[in-house]
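Following: one structure in structure tokens, then a few remarks.
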Amino acid sequence: MTRRQKKTLIRIVAAALLTLIAALLPLEGVWKALAFAVPYLVIGWDVLWGAIRNIANGQIFDEKFLMALATLGAFAVGEYPEAAAVMLFYQIGELFQSVAVGRSRRSIAALMDIRPDMARVLRGGEEVELDPEEVAVGETLVVRPGEKIPLDGVILEGSGSVNTAALTGESLPVDVAEGDTVISGSISLTGLLKLRASGVYAESTVARILELVENSSEKKARVENFITRFARWYTPLVVVSALLLAVLPPLLGGGEWSGWIKRALIFLVVSCPCALVVSVPLSFFGGIGGASRDGILVKGANYLEMLERVDTVVFDKTGTLTQGRFAVDAIHPKTVSAEELLDIAAAAESYSSHPVAESVVLAHEGDIDRSRIGAVEELAGMGVKAVVDGRTFYVGNGRLMEHVGADWHECHLPGTVIHVAEGAAYMGHIVINDQLKPDAAAAIRRLKELGVKRTVMLTGDSEKVAAAVGKELGVDEMHAGLLPAQKVERVEALLAKGCRVAFVGDGINDAPVLSRADVGIAMGALGSDAAIESADIVLMDDKPSRLPLALRIARRTMRIVRENIAFSLAVKFGILILSALGLTNMWWAVFGDVGVLILATLNAMRCMLRVRE
């Protein structure tokens, strides 16, 4: 609790005691008014002063004006206890609101803690502690166990474990070693690390994330804008209605002035729109803060609102549903054993840096004796010609086999196929595939369970590969052989059909289609500047399972927003009608204003709770 909140709490307790004492004293007339005026002023002086100041600034119709008018009017008609009690409960509601907003802000502030306070830099052979913003590109940073990594960089020396939970929501640490890239805002758990800064602080991952979260409140959802416009017209309308309620019936002979004025005052207290004005933004703020704890960064309430309405999810394939890393799927020998076929292919490909060649070498597992390898010649667009153990082998695609006259055949399995021949003698082939992410199929299945009507996969790969991946994942629709511009066309076609589309990509080469969809979602974007810039929602880790979680957070937030709007309006309009008919008293008004505010705020705070995966 802040210092200001503690002072308000003390005033509430003091005013409550003074009100109780005034109620017990056997006073009448002016003395009774003075006795209740003391707790009224103790608890309500700031409301009265705020109303006067707002009137002087031309801001008449706000909740402070309504509360001041209603309680002073209650004093005027002799309802002293009710006037003091209304102001007391109003301040209790304000305190409750302040505590709730503070708690929501702390959930965002927890993310703010990822900002490193200090960078330890090697200059002139000595360690110097600097502000991260003072570190230049290429300088050597020293990070000790337990310290935050101040800037994005590449490890020069050392190894250990790094905690990325503040960025990704993933509790398991990541092992890193020399040559690996590490991200600012992560925490080194074990081992001394020396790393080369790959960029300045302003361009680092942590700086971009903080800027994104800090600016998220500026992008309001349609329902928030509606509430703001609603309050602007609603409050003056209520004041005019209360004035007419107080004046017209007595003038038309409908009863005494005091009774109708009392009804009008109750009408004013109930009409305060603070439950809506507070609970709706608090719900979105809590939803965005709760999502950030799970490594889901939402750039604004409008994107959370749009995600809730999505009925079609379009995926990029490579790096989104697959790992973007090739691995050997199958070995089909013809004239030699599988082990010998892999050994020859790995030896021939051992000098290449191509991802497919590297996957073959990785599958070999054992060390490759380079002394066995003679001349290696790369044949552009076909493969390699290599001398291994004094024998000449050709390792590559079908075009290479045609070139050497080998009796080869296509493989029935999808993927990249590496054929091996000794001269014109065909020896067999090896199938290489991009590996699916372990949770990709479960993520798509969960999306369908959540009511997503259509899942689509777009890829630049061949039709055969796309069909195999799509079938294994359970995707409804696949489109293969697409260039980036053609992916945009596919998304636009879905939008033209009236679909509400979310596009999920790796954020590196999908910027055009990310920005074209209703909601652009970048996944696995840890350290990707392009993803953070182009996407509306950023999933900081590499797991497709975060997408159903993001959808559930959006739906829960919007459900709570609608609950608060419906509940607040129903209770207020009900009591307003009863007040106009003279069937309520000031205590009903207290519930209609402060009670509804507290209940709506409590409901909004549910948005801050974690959603179970």
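The values are calculated or read from the model by the stated rules, or taken from the named source; none is laboratory data. From a predicted model like this one, the values you see are computed outputs, not experimental measurements. Here Cβ is always computed from backbone atoms with ideal geometry, including for glycine, and neighbour counts include all displayed protein chains. Ligands, DNA and RNA are excluded from the accessible area calculation, which covers all protein heavy atoms including side chains. Shrake-Rupley method; radii C 1.70, N 1.55, O 1.52, S 1.80 Å.
Of everything in the stretch 390-421 that is touching a residue at least 40 places away in the same chain (Cβ under 8 Å) and outside any loop (DSSP other than H, G, I, E, B), the residue that is nearest to A327 (Cα to Cα) is T416. Against the list (1) open to solvent by 30 Å² or more (accessible area, probe 1.4 Å); (2) in contact (Cβ under 8 Å) with a residue 40 or more places away in the chain; (3) under 27 Å from E489 (Cα atoms), the condition A441 fails is (2). Per the conditions (1) open to solvent by less than 30 Å² (accessible area, probe 1.4 Å); (2) polar (S, T, N, Q); (3) under 21 Å from L268 (Cβ atoms), the sole criterion not satisfied by T557 is (3). Got a sec? Which of E28, E79 is among the charged types (D, E, K, R), over 17 Å from V594 (Cα atoms) and surrounded by fewer than 18 Cβ atoms within 10 Å (Cβ to Cβ)? Result of the check over E28, E79: E28.
What about E63, is it among the acidic types (D, E) and open to solvent by 60 Å² or more (accessible area, probe 1.4 Å)? Taking the combined requirement at face value, the residue does not satisfy it. Take the conditions (1) surrounded by fewer than 20 Cβ atoms within 10 Å (Cβ to Cβ); (2) at pLDDT below 90; G423 misses just one of them, which is (2). When A467 is tested against (1) at negative phi; (2) in contact (Cβ under 8 Å) with a residue 60 or more places away in the chain, exactly one condition is not met: (2).
In the condition set (1) of a type in the set (G, A, S); (2) out of contact with any Leu (no Cβ under 9 Å at 6 or more places or on another chain); (3) more than 23 Å from N585 (Cβ to Cβ), G78 is compliant with all but (3).
Restricted to the stretch 444-484, and to residues there that are open to solvent by less than 30 Å² (accessible area, probe 1.4 Å) and in a helix (DSSP H, G or I), the residue that is nearest to V431 (Cα to Cα) is V465.
This table checks each residue for (1) open to solvent by less than 10 Å² (accessible area, probe 1.4 Å); (2) at pLDDT 80 or above; (3) closer than 16 Å to Y303 by Cβ.
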residue: Q486; (1), (2), (3): no, yes, no
residue: E492; (1), (2), (3): no, yes, no
residue: C499; (1), (2), (3): no, yes, no
residue: G505; (1), (2), (3): yes, yes, yes
residue: N509; (1), (2), (3): no, no, no
residue: P512; (1), (2), (3): no, no, no
residue: A522; (1), (2), (3): yes, yes, yes
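Residue pairs whose Cβ atoms lie under 9 Å apart, separated by 6 or more positions or on different chains, with the first residue in the stretch 487-516 and part of a strand (DSSP E or B) and the second among the aromatic types (F, W, Y) and at pLDDT below 95, are F503/F315; V504/F315; G505/F315. Those strands (runs of 3 or more DSSP E) of the stretch 288-364 in which 2 or more residues are touching a Leu at 6+ places or on another chain (Cβ under 8 Å), more than 30 Å from L551 (Cβ to Cβ) and touching a residue at least 40 places away in the same chain (Cβ under 8 Å) occupy 322-333. Across the stretch 242-264, the number of residues qualifying as open to solvent by less than 30 Å² (accessible area, probe 1.4 Å) and modelled with pLDDT under 80 comes to 1.
Here's the yes/no breakdown for (1) of a type in the set (A, V, I, L, M, F, W, C); (2) touching a Ser or Thr at 6+ places or on another chain (Cβ under 9 Å); (3) in a helix (DSSP H, G or I):
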position	(1), (2), (3)
R4	no, yes, yes
A23	yes, no, yes
F36	yes, yes, yes
G58	no, no, no
L72	yes, no, yes
M87	yes, yes, yes
Q91	no, yes, yes
E94	no, yes, yes
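Screening V42 on (1) out of contact with any Leu (no Cβ under 7 Å at 6 or more places or on another chain); (2) surrounded by 15 or more Cβ atoms within 10 Å (Cβ to Cβ); (3) under 13 Å from A84 (Cβ atoms) shows it passes everything except condition (1). In the set (1) surrounded by fewer than 20 Cβ atoms within 10 Å (Cβ to Cβ); (2) touching a residue at least 60 places away in the same chain (Cβ under 8 Å); (3) not aliphatic (A, V, I, L, M), the condition left unmet by K385 is number (2). Can you spot a residue in the stretch 306-318 that is at pLDDT 85 or above, open to solvent by less than 60 Å² (accessible area, probe 1.4 Å), among the polar types (S, T, N, Q) and closer than 30 Å to E492 by Cα? Yes - at least one qualifying residue is present in the stretch 306-318.
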